[in-house]
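Any read-out appearing in this document is the output of simple, stated calculations on the displayed coordinates, not a laboratory observation. Predicted, not measured: the structure shown is a model, and the values here were computed from it. Ideal geometry is used to build each Cβ from the backbone, glycine not excepted, and the neighbour counts take in all protein chains shown.
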Amino acid sequence: MRYTLPLTDPILSTVDVCVTLSGLRILDGVSIGVPEGTVTGLIGPNGAGKTTVFNVISGFVKPASGSIRFDGRRLKRIEPHRLTSLGISRTLQGVGLFPSLTALENVMLGGSSKVRSGIIAQALAMPWTDTEQDHLRERSIAVMTELGVETDAERLPGELPYPIQKRVALARALVSDPKVLLLDEPAGGISAGDMADLAKLIRSWVPHRSVLLVEHHMELVMGVCDLIWVLDAGKVIAAGSPEDVRTDPAVLAAYLGQEGAA
Ligand SMILES: Nc1ncnc2c1ncn2[C@@H]1O[C@H](COP(=O)(O)OP(=O)(O)OP(=O)(O)O)[C@@H](O)[C@H]1O
Ligand SMILES: [Mg+2]
């Protein structure tokens, strides 16, 4: 997928977003965009503000100023439980599955806002019986099959190896058939072989979906992204193709600074 900066009509963008938490400026005028049909990376050292960007897009954190645009319009008031019905879904850093629900029930929750009002307490009131929910169950099983975890449908998350839990979490994000998928460190804690499969999987979604990928594994990021934004201390310090970003002196300095601090 080709793009030029500045982007003309990204499917998702943050416009000059500032976030202050506990009196600290966490994001300072962050403007990034995801061109439609691309895998776009958002990278940067620990604490740069990547997850906070996802939290703003998904309505968990209210920006002090700035806005979010999606699919040609400004999103005014973002409510986390309505995100999937807009066409956006996300995975959490880690896995974030409900430990007392089966893998299948967890995946079904990802599509529940289309079925009911999306309140988790309602969604947890199993068993679900009506036709819509039967369809959701079928769709959830189909997505789990696509990700190779259908045989684990009736297991609890705690019984599953970590890479399988990550796949279940991915299935939960995919079941609503999002236009844009926000992935927060999908490769965290998985093996090199699983990472190669993950790279293929992510590329298989475009151009049908657009992906914003936060990830520390540079090989994965450089291998799958069409465009990469780099954050450091709450500001965008670089953007461009993987080749541009890999050799950018500001990016190298930011990562070296992190190693020095470790
Ligand atoms: N609720 C909060 N109150 C105060 N500071 C916070 C809060 N949440 C996050 N921060 C701080 O905001 C900064 C950005 O955090 P964020 O989680 O967005 O970083 P990140 O780029 O996702 O890092 P990592 O790569 O480690 O996941 C960090 O310094 C973090 O400590
Ligand atoms: Mg993070």
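For the chain, the longest principal axis of the C-alpha atoms and the axis of helix 131-146 are separated by about 60°.
In a fully extended conformation the segment linking Thr145 and Asp71 would gain 23.7 nm over its present Cα-Cα distance, using 0.36 nm per residue.
Each listed q (0.24, 0.26 Å⁻¹) maps to a log10 I(q)/I(0) for region 23-108 from the Debye sum over equal C-alpha point scatterers, namely -1.43, -1.54. Of all lysines in the structure, the ones whose alpha carbon falls short of 27 Å from that of Lys200, not counting any fewer than 8 places away in one chain, are Lys50, Lys166, Lys179. Largest GNM mean-square fluctuation across Gly94, Gly33, Gly110, computed for the chain with C-alpha springs under 10 Å, falls on Gly94. Between Tyr162 and Tyr255, the modelled label-to-label distance comes to 2.2 nm, taking each label 7 Å out from Cα in the direction of the beta carbon.
Scanning residues 5 or more positions from Ser31 or on other chains, those with amide H under 5 Å from its amide H are Asp16, Val17, Val236, with H placed 1.01 Å from N in the peptide plane. Above 34 Å, the calculated P(r) of the chain contains 17 percent of its Cα-Cα pairs.
Around the Cα centre of region 121-262, unit charges on the Cβ atoms of Lys, Arg, Asp and Glu (plus for the first two, minus for the last two) sum to a dipole of about 140 debye. Extending 7 Å from the Cα toward the beta-carbon at both Asp16 and His216 defines two label points whose distance is 3.4 nm. Across the chain, the longest piece that holds none of the trypsin sites (Lys or Arg not before Pro) lying in DSSP loops with up to 16 other C-beta atoms within 10 Å covers 156-262.
For helix 162-174, what angle does its Cα long axis make with the longest principal axis of the chain, in degrees from 0 to 90 and rounded to 10? Roughly 90 degrees between the two axes. Taking the longest Cα principal axis of the chain as reference, the axis of helix 249-261 is set at about 70 degrees.
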